[in-house]
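Notes follow the structure.
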Amino acid sequence: MSVFSGLKLKSMKLIRVLLLAVVLCFGNLAFAGEGMWLPQLLKALNEGDMQTMGMKLTAEQVYSVNEGSLKDAIVHFGGFCTSEVISPEGLLLTNHHCGYGQIQSHSTIEDNYLKKGFWAATKADEKANPGLFARFIERIDDVSEIILKGVNDDMSPSEVQSIVDKNINAYMSDNQGSQYEEWMVRPFFNGNQYFAFKTVTYPDVRLVGAPPENIGKFGADTDNWVWPRHTGDFSLFRIYAGTDNQPAEYSADNQPFVPKHYLPISMDGVSEGDFTMVFGFPGRTNQYLPSQAVRQIVEINDPAKIEIRDVALKIMDKYMRADEKVRLQYSSKFARIANYWKKWIGEKTGLEKTNAVAKKQDLEEEFTKRVKVDSKLWGQYGHLMKKFGEKYAAIERYSFTKDYYDEVVRRNVEIMTVASVLDRMVSRFENNGEAGYNDFKPRVAGYLENHFKNYNANIDQEVFIALSDLYRDNVDREYCPTTFSVTAKSLEVALTDIFQRSAFKDQDKLKAIFEMTPEDAVKALKGDPIYILFSDWKGVYDEKVAGPYSEIKAEIDLLQKRYMRGLIDAFPEKTFWPDANSTMRVTYGKVQGYEPRDAVYYKPVTHFDGVVEKYIPDDYEFDLDEKLLDLYRSKDYGPYADATGSVPVCFIGTNHTTGGNSGSPAIDAEGNLIGLNFDRAWEGTMSDINYDPSICRNIMVDIRYVLFVVDKYAGASHLIEEMTLVHPKTK
Ligand code: ARG
Ligand code: ASP
């Protein structure tokens, strides 16, 4: 309680009561639970609130530039997930689905670590992962004045961008660090504020351990985004450094990294109502969109993307069920496509169920009311709502078509992705001649080698035809490739012919093209029927859709920047948090169950008994192995069981998280690790757009399940010995 006096706390409580009244009137303002906060601002904005909710730490213990603090244990894992240091020897904990690519890359058919798990017996057995990095944040500074210097409200989007870019470049060249140090400048509040992050990156990160998929991915796609959950979604890595403990490229001489801070691990677990904090790198949220944008997401964008993936997934599923080899080849692709398909369904349903559009409208009404009574505010923000209406109406067709193009051409039809890579090779030749072509060729060859390992042309052909049909049916004819200007029936015939005649589905044929001289190869590529269709499609799209889309989008972005500032000005009683942008954030809440629907209450903790309840022998999602079943039969749980006598597996809380928070530590009131974040509950996946504390829950693996698997299942007790286990509740 260092900074906030009792008086301040009392007045904060009063403000909260007032706020609650406001919230009840028109919703969507910050509750306890909502918000992804900047760690360096906790002291000024959140410390009192967090302590009222039960946190025993000071903000300084969470984030400090001078002393070791919690933030020094938080690591951006490869730039796409979060991880945390859990031992004085640089041991790193993250999700199984975050380390999946690395686990897969070390696997062979004979030694399949996805299937049977991997545990390095000694440090010498830990496996290097070229390209993977662990990034720490050293400090965060407000650089808004420097970056926004020279920008004013009368400028066009492109004028603003060019000044900001120039200022950022100047700042970066003034602040160059060593090879592994970098300052990153990022916009906050839609460009109203800028922060610089000083980072240190360690490029030698090795795989230490991973449970088999029937633990790490237990429940797979059926249970994905679902509570109650029983997945042990974790894997272990280790950061290595040079002998001076500084970042260094992989070398056999490198030593385990000694961190400034690592998280002690609580053996005492959580109960409903306990304070929790999740620290990590959330990717993207859009919490301050106007109602028109939310309506478009609910009515136009989400349904379009869901429908397209629905069709693609059904086709994949049909082939995967019929053939075990295909299932193995496509399971990772299927999981990736199904992940967001399922998320969008949950998001759309949740936005509807929580009346998100009406809530935004209420907020806008209140905003307008407040702005109207103040001539200065009216001058700045009075025009915004009308302008939003115009711009969102104007962008609707383009944004719908963009989703269609992205989903069909860029994401779900594999032969189109191949075409786009080969198209880049053609451009290299045309722009940089043979040298450009030869330079690029090995990368393309590597890409194709990988691609064909897990490719089934029958699936792709069916997806290609089905999604093209959908495109033709749903996208305005003027935005379709000319090939589509025929009847549906003859289009199918034409597409079958195009696919059948293309070399792009055939590794050997492409290899033969790659053996030709660059000139002949380019000629062959450009003559391929899929290439011709791709060029036609992309040409129409770039000219008629992408151009106008980005122009209107830039105007919307500028309006959003004004609206964000307007909200801050018009609601001075509210503390705003900036939307996630892959920078370091703290979110805090409580362990809490929820009511997914009428008369149903979900308790916040699952147990090992529930894993066995879900067991379906030989099922590819819910199978268990004998070793785990034996532990269940003998109840050999060691110190990892809770008062129920079973091992807790997962728990949920009101922490506001999003994609990128996977692998984030769940931390208790005293700074100990209690769990590992990996997902959200389905009913609340709209939290990226409209956080609602009644149903938005993040899902974490209980750290005792992680320890149970490492110790009792894998027998890797040497890893447990590295860690610091504590008993904060029973000390
Ligand atoms: N839904 C989680 C997140 O968005 C976990 C995804 C990985 N698991 C899966 N079955 N696809 O990323
Ligand atoms: N599963 C997500 C991730 O991989 C987390 C989430 O979206 O809640 O980052």
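The values are calculated or read from the model by the stated rules, or taken from the named source; none is laboratory data. Source: prediction; values computed, not measured. As a convention, Cβ positions derive from the backbone with ideal geometry for all residues, glycine included, and neighbour counts pool all protein chains shown. Remember, those area values only see protein heavy atoms, side chains included, never the ligands or the DNA or RNA. Shrake-Rupley method; radii C 1.70, N 1.55, O 1.52, S 1.80 Å.
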Subject >> Only listed residue being at pLDDT 95 or above, assigned to a helix (DSSP H, G or I), closer than 30 Å to F576 by Cα and basic (K, R), chosen from R284, R295 >> reply: R295
Original post:
Are any residues in the stretch 631-656 of a type in the set (V, I, T) and in contact with a helix residue (DSSP H, G or I) (Cβ under 8 Å, 6 or more places away or on another chain), and if so, which ones?
Top reply: V647, V649
Subject >> Residue identified as open to solvent by less than 10 Å² (accessible area, probe 1.4 Å), over 30 Å from G232 (Cα atoms) and in contact with a helix residue (DSSP H, G or I) (Cβ under 8 Å, 6 or more places away or on another chain) among G191, G216 >> reply: G191
**OP:** Could you tell me which of the residues V591, V605, V611 is touching a Ser or Thr at 6+ places or on another chain (Cβ under 7 Å), surrounded by 19 or more Cβ atoms within 10 Å (Cβ to Cβ) and within 30 Å of I215 (Cα to Cα)?
**Re:** V591
Original post:
When you go through (1) at pLDDT below 95; (2) more than 16 Å from ligand 1 (Cβ to nearest atom); (3) not small (G, A, S) one by one for R633, which number turns out not to apply?
Top reply: (1)
Subject >> the stretch 335-356 - residue that is of a type outside the set (D, E, K, R) and open to solvent by 40 Å² or more (accessible area, probe 1.4 Å) and, of those, nearest to ligand 1 (Cβ to nearest atom) >> reply: N339
Subject >> Conditions (1) away from ligand 2 (no atom under 16 Å from the Cβ); (2) touching a residue at least 60 places away in the same chain (Cβ under 8 Å); (3) within 26 Å of F275 (Cβ to Cβ); (4) in contact with an Asp or Glu (Cβ under 7 Å, 6 or more places away or on another chain); number of the one not met by W577 >> reply: (4)
Original post:
For the stretch 94-118, what are the residues that are away from ligand 1 (no atom under 16 Å from the Cβ), buried (at least 20 other Cβ atoms within 10 Å of the Cβ) and either under 24 Å from L673 (Cα atoms) or modelled with pLDDT under 95 (or both)?
Top reply: G117, F118
Original post:
Do you know which residues across the stretch 659-679 are in contact with a Cys (Cβ under 7 Å, 6 or more places away or on another chain) and open to solvent by less than 10 Å² (accessible area, probe 1.4 Å)?
Top reply: G663
Subject >> Of all residues in the stretch 692-731 being among the acidic types (D, E) and away from ligand 2 (no atom under 16 Å from the Cβ), the one that is surrounded by the most Cβ atoms within 10 Å (Cβ to Cβ) >> reply: D702
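Taking the stretch 497-522 on its own, how many of its residues are in a helix (DSSP H, G or I) and open to solvent by less than 50 Å² (accessible area, probe 1.4 Å)? I'd like the intermediate steps shown before the answer.
Step one: filter the stretch 497-522 for residues in a helix (DSSP H, G or I), giving 497-501, 507-515, 518-522.
From what's left, open to solvent by less than 50 Å² (accessible area, probe 1.4 Å): 498-499, 510, 513-514, 518, 521-522.
Here the count works out to 8.
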Original post:
How many residues does the stretch 380-433 contain that are of a type in the set (S, T, Y), more than 27 Å from the chain's Cα centre (by Cα) and within 20 Å of I532 (Cβ to Cβ)?
Top reply: 1
Subject >> Filter pass, V463 being surrounded by 15 or more Cβ atoms within 10 Å (Cβ to Cβ) and farther than 19 Å from G539 by Cβ >> reply: yes
Original post:
For the stretch 307-332, which residues satisfy the criterion of being closer than 25 Å to N474 by Cβ, surrounded by fewer than 18 Cβ atoms within 10 Å (Cβ to Cβ) and within 16 Å of ligand 1 (Cβ to nearest atom)?
Top reply: D317
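Results for (1) surrounded by 21 or more Cβ atoms within 10 Å (Cβ to Cβ); (2) part of a loop (DSSP other than H, G, I, E, B), shown as yes or no for each residue.
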position	(1), (2)
Q179	no, yes
M184	no, no
T201	no, no
T222	no, no
G232	yes, yes
Original post:
Can you spot a residue in the stretch 53-60 that is more than 16 Å from ligand 1 (Cβ to nearest atom), at negative phi, in contact with a Ser or Thr (Cβ under 6 Å, 6 or more places away or on another chain) and of a type outside the set (A, V, I, L, M, F, W, C)?
Top reply: yes
Subject >> Condition check for P290: of a type outside the set (D, E, K, R) and either in contact with an Asp or Glu (Cβ under 6 Å, 6 or more places away or on another chain) or away from ligand 1 (no atom under 16 Å from the Cβ) (or both) >> reply: yes
Original post:
Being aromatic (F, W, Y) and within 16 Å of ligand 2 (Cβ to nearest atom), is that true of even one residue in the stretch 311-323?
Top reply: no
Original post:
If you take the residues in the stretch 692-721 that are in a helix (DSSP H, G or I) and of a type in the set (A, V, I, L, M), which one is farthest from ligand 1 (Cβ to nearest atom)?
Top reply: I720
Original post:
Just to be sure, is G209 open to solvent by less than 10 Å² (accessible area, probe 1.4 Å), away from ligand 2 (no atom under 16 Å from the Cβ) and either at pLDDT below 95 or at negative phi (or both)?
Top reply: yes
